[in-house]
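Q: Have a look at this one before I ask anything.
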Amino acid sequence: MLNGFLRNSKVRIGLGVFAAFLLLALLGPWFVSAVMHTTPRTIDYDALGQPPSAKHLLGTTLPGSDVLAQVIVGARGSVFVGITSAVLATVIAALVGVPSGFLGGRLDHGLTAFTNLFLTLPSFALTLIIAGYVQGAAWWVIALIIAAFEWPGGARTLRSQTMSLRGRDFTVAMRMLGESKTRLVFAEVMPHMTGIVSAMFLRACVAGVFAEAALSFLGIGTTGSVSWGTIISEAQGQSAILNGLWWWFVPPGLCIALLGTATALVNFGIDEISNPRLSAANRKLMKRFRRAARTAEPEVAR
Amino acid sequence: MTAPVLEATNLSKEFPVHGRGSRGTTVKAVQNANVTLHKGSIVALVGESGSGKTTVARMLALAYPQTAGTIRLNGAEVSHARNAERSYFRQVQLIFQDPFASLNPLHKVRYTLGRALRIHQRTLRGKELEEQTLELLRKVNLTPVEQFIDKFPHELSGGQRQRIVIARALAVRPSVLLGDEPISMLDVSIRLDILNLLAKLRDEEGLALLYITHDIASARYLCDTIQVMYAGQMVEGGPRDSVIQSPKHPYTKLLLDSSPDPGRSLRSGDTGLFDVADDLGEPPNLVDPPSGCQFHPRCPFAMDECRQTFPERTEFPDGQWAHCWLHQKDRGHVLEGKP
């Protein structure tokens, strides 16, 4: 299964881009200081708001900072917040959804009510308010706040899947052998949900990056550090669009879009594996088969 | 006769109906069913779809609690407490109908059987575990065993999967096997193999078996005792040959007539009891079952009594019994086709 997954070209491209961003987030700051010999806040008084050139590959901001350095360092802020919030959201979704679906009864009623409550809250507005309240918080606090509003959808999905898997014959059969509940959940039910969980995780990742960018754009994200959101926010604050400084806000925007595309590609691949009818390869195969059948027909008739 | 291994008396099950306007109504899936299983013998439970056979099996397997009645294992009443259930599962195992659904597609045979062995022998590991797993595969005739142990379910055929399912049930060394239509999903050509395997387990391991089927021919092949269920009630039972050769309930007669028999040609003019009726009718709606004997709307011999009360049990000398007013009213001879 994993083999087929990695052979899928969409998945390969998606995972490749995702891995590149991850690498950027891990090594970016070191790269900027060691190779580019600059920092995102270093001001070059000779180049204020200059378009891309050999010296500044992506140009400079109006105050004179290097955009490339900012984008590279900003990856850490954005990607780390995205991944941390996604891990948290996925774990919370599993902890709420799976027991709720598997055990049923009063616990299920309680947890479902709790999930629905979070599901109906106006999440972005609340994120805004809370993030504004803890202004100047560390990046992981922002991740925590984003995760707190990201999990309910996933919990619902996992709950319904667990309910369906709990009643399947193979789970019932193992239960009737005397298998413990923990083992039933981890050995019989959970392995069937890896596809859903990974898709959920990737989606949450992008949502986290978006949310962080949005918060930074509104000026209530992490303070002091650079992220793609803060770059766009500064560009907006200093009328980059009006002054035609496109190299200032396009790179971070493209990065966010590219990360979104990468996860979408991986998710397409997961879909194709869990639902073989969606597979493009299969469709091609079917076309070839039909063509072959058409050309073969006269021979059969003869 | 020896004491029964598993005995269920007056077992009933009602499922609540969900939906608007049906609060409080129930489906009477099984009513007052009695099943007795003895060591080394096979009881067949025969009936059409929806007659409650599977519900009986699932109640006996403790998949869900009965609404009324008692289940006794080796004379002791069975409770649904968690620990009691575990020791019950060690004695009574259910074989599922669909071998394609009852094995987890993500686990190899080694894991499935190994877990089944280790649940009740916690210290089993390594070489000994492997040896016992291979022994199980040998028991269900899956040779060469070394090859089958590392297969995934999707690499096996339906018959091979059903053997794995049986091996898994045998792993706990049960004394009772409940087979819920174990061959109905299999190819006709391999059904006999599985039936012979079950017969072998009865003879060699002395298992008590409940064999649930809608196919009376396979029941005739395999079983020692046959019980017939209709609409959640046991209507007839007894030794295999008596039930099949001289059915004492019109429904059994209908079941026998509707199973294909190469000896009886369509054109021979040999009209059975039910040939006159074009429409054999349908099983009743169990939310609102017919009064009296539930078979009366479909029965060619229905009398007034049949519409009012369920008949008492009539016992026959050879151990056969039936719930039918014909015998209470001394009209049993009509079943043999005599005027």
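The values are calculated or read from the model by the stated rules, or taken from the named source; none is laboratory data. Here the structure is a predicted model, which is why all the values come from computation and not from measurement. Here the Cβ is made from the backbone with ideal geometry for all residues, glycine too, and neighbour counts use every protein chain on show.
Q: Tell me the residue from A:THR194, A:THR157, A:THR230 that is hydroxyl-bearing (Ser, Thr, Tyr), at pLDDT 85 or above and assigned to a helix (DSSP H, G or I), please.
A: A:THR157
Q: If you don't mind, there's one more thing I want to ask. Within the bounds of segment A:27-48, is there any residue that is under 19 Å from the mean Cα position of the chain (by Cα), of a type in the set (Val, Ile, Thr) and surrounded by 14 or more Cβ atoms within 10 Å (Cβ to Cβ)? I'd like the intermediate steps shown before the answer.
A: Our first condition is that a residue be under 19 Å from the mean Cα position of the chain (by Cα); within segment A:27-48, this holds for none.
There is no residue in segment A:27-48 that is under 19 Å from the mean Cα position of the chain (by Cα), of a type in the set (Val, Ile, Thr) and surrounded by 14 or more Cβ atoms within 10 Å (Cβ to Cβ).
Q: Oh, and also: Residues of segment B:37-69 being buried (at least 20 other Cβ atoms within 10 Å of the Cβ) and part of a strand (DSSP E or B), which ones?
A: B:LEU37, B:ILE42, B:VAL43, B:ALA44, B:LEU45, B:VAL46
Q: Does any residue of segment A:2-9 turn out to be small (Gly, Ala, Ser) and touching a residue at least 24 places away in the same chain (Cβ under 8 Å)?
A: So in segment A:2-9, the residues small (Gly, Ala, Ser) come out as A:4, A:9.
When the remaining residues are screened for being touching a residue at least 24 places away in the same chain (Cβ under 8 Å), the result is A:4.
Scanning segment A:2-9 turns up at least one residue that is small (Gly, Ala, Ser) and touching a residue at least 24 places away in the same chain (Cβ under 8 Å).
Q: Where in segment B:153-231 are there helices (runs of 4 or more DSSP H), lying fully within it, with 3 or more residues that are crowded, with 19+ Cβ neighbours inside 10 Å and within 14 Å of another protein chain (Cβ to nearest Cβ)?
A: Values: elements: B:158-170, B:188-205, B:216-222.
By residue number, B:158-170.
Q: Further question: In segment B:176-197, what residues are within 21 Å of B:ALA63 (Cβ to Cβ) and aliphatic (A, V, I, L, M)?
A: Matches in segment B:176-197: B:VAL176, B:LEU177, B:LEU178, B:ILE183, B:MET185.
Q: List pairs: first in segment B:1-27 and in contact (Cβ under 8 Å) with a residue 12 or more places away in the chain, second surrounded by 15 or more Cβ atoms within 10 Å (Cβ to Cβ) and aromatic (Phe, Trp, Tyr), Cβ under 8 Å, 6+ apart or cross-chain?
A: Final answer for the pair search is B:THR26/B:PHE15; B:VAL27/B:PHE15.
Q: So which residues in segment A:162-214 are touching a Leu at 6+ places or on another chain (Cβ under 8 Å) and β-branched (Val, Ile, Thr), if there are any at all?
A: Result: A:THR171, A:VAL189, A:ILE196, A:VAL197, A:VAL206, A:VAL209.
Q: Which count do you get for residues in segment B:102-146 that are at the interface with chain A (Cβ under 10 Å from one of its Cβ atoms) and closer than 26 Å to B:ASP187 by Cα?
A: Qualifying residue count, segment B:102-146: 7.
Q: Quick check: is even one residue across segment A:120-143 farther than 19 Å from A:PHE210 by Cα and at pLDDT below 85?
A: yes
Q: With (1) over 29 Å from the mean Cα position of the chain (by Cα); (2) crowded, with 21+ Cβ neighbours inside 10 Å as the list, and A:VAL81 as the residue in question, which single condition is left unmet?
A: (1)
Q: Quick one: in segment A:1-37, of everything that is at pLDDT 85 or above and among the small types (Gly, Ala, Ser), which residue is nearest to A:ILE72 (Cα to Cα)?
A: So, considering only residues that are at pLDDT 85 or above and among the small types (Gly, Ala, Ser), the one nearest to A:ILE72 (Cα to Cα) is A:ALA20.
Q: Being more than 14 Å from chain B (Cβ to nearest Cβ) and either touching a strand residue (DSSP E or B) at 6+ places or on another chain (Cβ under 6 Å) or closer than 28 Å to A:SER227 by Cβ (or both) narrows it down to one of A:LEU128, A:LEU158, so name that one.
A: Answer to the selection: A:LEU128.
Q: Looking at segment A:240-262, which of its residues are more than 17 Å from A:GLY77 (Cβ to Cβ), in contact (Cβ under 8 Å) with a residue 12 or more places away in the chain, assigned to a helix (DSSP H, G or I) and aliphatic (A, V, I, L, M)?
A: Those that are more than 17 Å from A:GLY77 (Cβ to Cβ), in contact (Cβ under 8 Å) with a residue 12 or more places away in the chain, assigned to a helix (DSSP H, G or I) and aliphatic (A, V, I, L, M): A:ALA240, A:ALA262.
Q: Starting from residues that are in a strand (DSSP E or B) and without any contact (Cβ under 8 Å) to a residue 60 or more places away in the chain, keep the ones in segment B:76-101 and report whichever is nearest to the other protein chains (Cβ to nearest Cβ). Steps first, answer last, please.
A: The initial filter retains those residues of segment B:76-101 that are in a strand (DSSP E or B), namely B:76-77, B:92-95.
Among the residues that remain, those that are also without any contact (Cβ under 8 Å) to a residue 60 or more places away in the chain are: B:76-77.
Values: B:ALA76: 18, B:GLU77: 19 Å.
Among those residues, the one meeting the criterion is B:ALA76.
Q: What's the number of the only condition in (1) of a type in the set (A, V, I, L, M); (2) within 30 Å of B:HIS120 (Cβ to Cβ); (3) more than 10 Å from chain B (Cβ to nearest Cβ) that A:MET174 fails to meet?
A: The single condition A:MET174 does not satisfy is (3).
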